[in-house]
Structures are given as structure tokens and as C-alpha cells.
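Report on the structure given below.
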Amino acid sequence: MSVGNAIRRTIPDMKRVAVAMTDGMLHFELSVAFEVFGPAPAAVTGPWYDLVGCGPDAVRAGRFLLEPDHGLDRLADADTVIVPAWADVDVPPPPALLDAVRAAHDAGARVAALCTGAFVLAAAGLLDGRRATTHWAHTDVLSARHPRVDVDPDVLYVDAGTVLTSAGKAAALDLCLHLVRLDHGSAVANAVARRLVVPPHRAGGQAQFIAAPLPERPDHPLAALLPWAIERLDRPLTVEDLARRAAMSSRTLGRHFRQVAGTTPLQWLHVQRIRRAQELLETTDDPVAAIATATGMGTATTLRRHFHRTVGVPPDTYRRTFRTGER
């Protein structure tokens, strides 16, 4: 694939948006593309996007039967191609879709995959040697199946220039709004966000806000230990404390943690403290200093530093965005 010879369009040219539509795509991400790039907000005084759907004569997305405007071959005429989520990552995308996406990229289109649409781009070879992401539940599969892709499981979206990928569901909206912001500026992107009643801007490097896994088997050596530790996050737990509680050596404890959580005991504790801080920020009015004490972080300064480094945003920003019950 001679990507290096492709003609790259400039940002002001990004007017024609084509949504790749085939059987096996999820209707939510299809809807996201049509909602963001379809109706022009009142803030737009100049040209808006010319949005089309490209696919076979009829496309089934979930329980819906859709009729695209053009065939897949018209993807090559687009400035931006949106590839919605692929419903079953164990089913290979159809060759016609892969060929059309490759042809569009070679012709200079900016190609953006929403959620598991990254599997389509990876199968087409567009993610080789590039950093990319997808829904956190599928990042390990994407990495194992396509080892030449630099999979980042901890971000909302990745902008690699002419190829962009997002994590799941809400992050698909974030990526689409990011494209609008690139093309039309923050004011217009914010107007689209207000119409959709979503946060106007979440940076791509923000974490996907997932909890660390717990053992599924009740007889697992860590099954009783992890809940015990979670109930004591306000205390200064050490690896030795955990090993003593589990009645095993620190080395054996570390091996079990790597198998269950894919990380070390201390890193697991750190993630649990951050997760508890997230819950308290979402559900209480407690000041950051009190949350730092409740999560074993000690001081507000320490919590802010570790929270920002892990989650990607400061605690106050997280609280404003994710606080439940507010309108």
C-alpha cells in the first residue's frame, strides 16, 4: 500500500464526509456519525459537511435496515471517512469494505474508526506502525491479532493524523467532536455538543475510566484478599500486608496479581485508590483533602498529582464532568 504517495487534503477542504455502512456494524456509532456531521448548528455561517452513507443496497445494523446513498466505491471521493463500530470482532470485515477504506485513505481521505471500527482499519493495514485505541474490552484482542499496531488501552481517542481511532460509545462522540473542532473551531464544536447535550471537550488522552478486574472463581487465592484490601484503602497497606493476609510469599502474591490483574500488587492498590476517589468525587461533596484521606493518598496535593497522572484530568474537572444527579 503506497500510503506515502497519497494526496493529503488540507483542513479547509474537509467538507465531504462518508460513513462506511455494511452489515455487522452497530447502529449507535452509525447514529453518532449522522448526528454530529449531519445537521449544521446555528453557529455555522459558512459551508457545512456534505454527509453521505456508502454501502451495499441495504445494510442491517442491529434491528434496523438502512439504505446507503452510494456504494462503497464512493468512499474514495470523501475527505473524511467514518468507520462505525464492528459488532463482532471475531468476524472478519468483508473484503469489499477493506478495499474501499484502503482506497479512500490512499486517495487522501482522513479515516476515523469509532470504537471497534478499529478492527476494520487494522485488517485494512491502516493501523500498522501507528498508535491506536478501541473499546477497553477489546484492546488485548486487537493487540494480539495485529501486533504491528501500537494499541493504547487507556485513552478516549487517538489522533494519528490521517487515521484516528476511539474507545467505546461516548468516546465515539468525543472523536467526532474533535474532528469538528479541527475543521470549524471550538465555538462550532461546542455548539454541536450543546445540541447533543454532551460535554463539549474531553481530551483524547483522558483515561477510559475502567475498574480493575477481580477473580471470577470464589476459590481463587485472591478472591477473599481483594475485597479485604478494597475495604481498607484508607490504610497504608504494603505488599507484605497483602501477602501476610493471603498466607503466601510476596513473590507468589505477585504472580497471582499478574495473572488476574496484569499488574503488580502496588499498582493494583493504586488503581483501586484512584477508583475510590472517582466514586467519592461522583457521589459526595467531600473536599479533595477529605477524599485523599479516605483513599489513603494522604494529602490533597498527592491525590491531585496521582489522579491527574492516572485519569488524565484533575479531580475537580472529573467531578464537574461525571457528577451524578446534576442537570
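Can you tell which of 83, 310, 51 lies farthest toward the positive end of the dipole of the chain, using +1 and -1 charges on the Cβ of basic and acidic side chains (Lys, Arg; Asp, Glu)?
Of the options given, the answer is 310.
Given R₀ = 41 Å, FRET efficiency for residue 230-residue 145 by Cβ-Cβ distance, to 0.05?
0.80
With a ≥ b ≥ c taken as the square roots of the eigenvalues of the C-alpha gyration tensor of the chain, please select rounded if a/c is under 1.5 and otherwise prolate if a/b is larger than b/c or oblate if it is not?
In terms of gyration-tensor shape, prolate.
Net charge near residue 230, counting Lys/Arg +1 and Asp/Glu -1 over other residues with Cβ under 15 Å of its Cβ?
Summing Lys and Arg as +1 and Asp and Glu as -1 gives +2.
When the chain is fully extended, how far beyond the present Cα-Cα distance does residue 241 get from residue 320, taking 0.36 nm per residue of separation?
That works out to 24.9 nm of additional length.
Report for the chain the percent antiparallel among DSSP-assigned beta bridges with both residues inside it, nearest 5.
Among the beta bridges of the chain, antiparallel pairing accounts for roughly 30 percent.
Full-extension gain between residue 299 and residue 45, please, as 0.36 nm times their residue separation minus the C-alpha to C-alpha distance.
86.5 nm
Where does the chain land at 222 nm, in deg cm²/dmol rounded to the nearest 500, when only DSSP H runs of n ≥ 4 count, each adding -39500 (n - 2.57), divided by all residues?
That calculation yields -12000 deg cm²/dmol at 222 nm.
When a/c reaches 1.5 or more, the comparison of a/b and b/c decides; with that in mind, is region 3-196 rounded, prolate or oblate per its Cα gyration tensor?
rounded
Once you have the Cα-Cα distance between residue 279 and residue 252, take 0.36 nm times their residue separation minus that, and quote the gain in nm to one decimal.
6.6 nm
Compare 140, 219, 128 in a GNM of the chain, Cα atoms joined below 10 Å, and give the one with the largest fluctuation.
Of the options given, 219 has the highest mean-square fluctuation.
Starting from the 7 Å offset along Cα-to-Cβ, what nm value, one decimal, do you get for the label separation of residue 60 and residue 88?
In this crude spin-label approximation the distance works out to 1.1 nm.
Just so you know, all these numbers are worked out from the coordinates, no wet-lab data involved. Computed from a predicted model, the values in this text were never measured in an experiment. Note that we place each Cβ from the backbone using ideal geometry, even for glycine, and neighbour counts take in every protein chain shown.
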